[in-house]
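Step one of this worksheet: look at the structure below.
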Amino acid sequence: MTNEQAFELAKKYIPGGVDSPVRAFGSVGTTPFTTQRGEGAYLYDIQGNRYLDFIQSWGPLIFGHCDKDIQDAVINAVKLGLSYGTPCQDETNLAKMIVDEFDDIDKIRFVNSGTEATMSAIRLARGYTKKDGLIKFEGCYHGHSDALLIKAGSGATTYGNASSAGVPNDIIKNTHLAIYNDIQSVEKIFQTQSIAAVIIEPIAGNMGLVPAKKEFLIALRKLCDKFGAVLILDEVMSGFRASKHGSKPFYGVKADITTFGKVIGGGMPTAAFGARSEIMDCLSPNGAVYQAGTLSGNPVAMAAGKASLTKIFKDENLYARLEKKASNLMKGFKQAANSNGFAMQTCVRGSMFGFFFNQNEVNNYADALKSDTALYAKFHTNMLKHGVYLAPSQFETGFICDAMSDDDINFAISSAKLAFSEIKNG
Ligand SMILES: *Cc1c(COP(=O)(O)O)cnc(C)c1O
């Protein structure tokens, strides 16, 4: 079967042929390939084509596909059972591994997806503060729960419109939108609203890669303290990706609640939220904030997470190594773009990288949206043809995995040179 045939068939039985919309390649206008298997830095499609994979399952696979240690841990766990519905020791083991690394986290609870982690974190923040208001930032993604599916009308607005059908206005009326890297837009909301929590991606990875400015995040922390609001740092993507301690070494800003996902599951569906005991003990069964999950803390997922974090903690140079590759890649892409007359902004944070076809620096969502999406679509299509798989949208983050060699990075850069000169000579 060809990729086209497989996708036609998928579309017959699954809406749009995918279980998560970005996989459909809608932003680049092509047909996605269907994967047969992954190995190290590469994906192989059902026609036997090989792609250097800069998505790595959208973040989780920091050691690449089929990492032997993680695979062995999963296989061993599977032999003991797929799910117990009782406490298992690896839940405590993985919780301790994470808690020990963060001085703003005493306890952690596991869930099955980043969406659940942020949704539960917000409920917990509301239960803890006994307030309802929530501030989120334009361009930040925190999963697909109702209260978070909201975008700005235009520019600085406090009330937003749901960015999805099926979300009642009643549900989003407590969600207030602020502008990323613009502290005044936050202050204005605090002055008129009773705010339980501010949720932010400290290193935003879902409008392309746009890190918070240090002075902005520090000021945000101060505002939350002043008004008695909970600061939720959503590190579902940046956690164990930007560094071993996520955003925290870049800013020195402590969270009240931190959310994790992606890397902590090592490729299995696991996420978590953690905070100091005073907040976490508001959760059921200790406290009045209800939260639960049939498969939460699943033993196979816990084993994958434990194996993944064990490897991370054992390897002092891991993030420096990954960052060097990400920086080299971005340097190469920028040179290739510029020498063919295309403007490019690049950004690297640890193993995360991002680039915009844009003349100007990108500091928020409105800036990001001014990027050239038609050029990105052409670049994506040409890169894929040359065997390099980049995110099928400019407004995503790319990921380096430890299985990527310097040769792989050089291959991607040569492919970019080729892709840009093909576009220029179009
Ligand atoms: C991916 C992501 C989520 C949602 O996680 P899912 O596991 O896809 O539900 C939430 N927040 C951030 C910052 C993310 O990158």
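The values are calculated or read from the model by the stated rules, or taken from the named source; none is laboratory data. None of these values were measured; they are calculated from a predicted model. Cβ coordinates were reconstructed from backbone atoms using ideal geometry, including for glycine residues, and neighbour counts include every protein chain displayed. These accessible areas exclude ligands, DNA and RNA; they are computed on the full protein's heavy atoms, side chains included. Shrake-Rupley method; radii C 1.70, N 1.55, O 1.52, S 1.80 Å.
Worth pointing out:
- Options Gly261, Gly293, Gly266: the member that is open to solvent by less than 10 Å² (accessible area, probe 1.4 Å), in contact (Cβ under 8 Å) with a residue 40 or more places away in the chain, of a type outside the set (Ser, Thr, Tyr) and within 30 Å of Gln56 (Cβ to Cβ): Gly261
- Residue in region 145-153 that is part of a loop (DSSP other than H, G, I, E, B) and surrounded by fewer than 16 Cβ atoms within 10 Å (Cβ to Cβ) present: yes
- For region 51-82, residues that are within 16 Å of the ligand (Cβ to nearest atom) and either open to solvent by 20 Å² or more (accessible area, probe 1.4 Å) or hydroxyl-bearing (Ser, Thr, Tyr) (or both) total 3.
Table: residues versus (1) touching a strand residue (DSSP E or B) at 6+ places or on another chain (Cβ under 6 Å); (2) among the small types (Gly, Ala, Ser); (3) assigned to a helix (DSSP H, G or I).
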{"residue": "Ser57", "(1), (2), (3)": "no, yes, yes"}
{"residue": "Leu61", "(1), (2), (3)": "no, no, no"}
{"residue": "Ile70", "(1), (2), (3)": "yes, no, yes"}
{"residue": "Ala73", "(1), (2), (3)": "no, yes, yes"}
{"residue": "Val78", "(1), (2), (3)": "no, no, yes"}
{"residue": "Gly81", "(1), (2), (3)": "no, yes, no"}
{"residue": "Tyr84", "(1), (2), (3)": "no, no, no"}
{"residue": "Pro87", "(1), (2), (3)": "no, no, no"}
{"residue": "Asn93", "(1), (2), (3)": "no, no, yes"}
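- Those residues of region 206-237 which are within 16 Å of the ligand (Cβ to nearest atom) and assigned to a loop (DSSP other than H, G, I, E, B), in sequence order: Asn206, Met207, Gly208, Leu209, Ala212, Glu235, Val236, Met237
Rundown of residues vs (1) farther than 22 Å from Tyr141 by Cβ; (2) out of contact with any Asp or Glu (no Cβ under 7 Å at 6 or more places or on another chain), yes/no style:
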| residue | (1), (2) |
| --- | --- |
| Ser20 | no, yes |
| Val28 | no, yes |
| Thr35 | yes, no |
| Pro60 | no, yes |
| Phe63 | yes, no |
| Gly85 | yes, yes |
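- Glu422 satisfies every condition listed in (1) in a loop (DSSP other than H, G, I, E, B); (2) open to solvent by 40 Å² or more (accessible area, probe 1.4 Å); (3) touching a Lys or Arg at 6+ places or on another chain (Cβ under 9 Å) except (1).
- For region 238-249, a residue qualifies if it is touching a strand residue (DSSP E or B) at 6+ places or on another chain (Cβ under 8 Å) and part of a loop (DSSP other than H, G, I, E, B), and the qualifying residues are Ser238, Phe240, Arg241, Ala242, Gly246, Ser247.
- Residues of region 314-370 that are aromatic (Phe, Trp, Tyr) and within 22 Å of Ala41 (Cα to Cα): Tyr319, Phe333, Phe353, Phe355.
- Filtered by the rule that a residue be β-branched (Val, Ile, Thr) and assigned to a helix (DSSP H, G or I), region 114-139 gives Thr115, Thr118, Ile122, Thr129.
- Looking at Ser238, Ser243, Ser194, just one residue is touching a residue at least 24 places away in the same chain (Cβ under 8 Å) and within 13 Å of the chain's Cα centre (by Cα), and that residue is Ser238.
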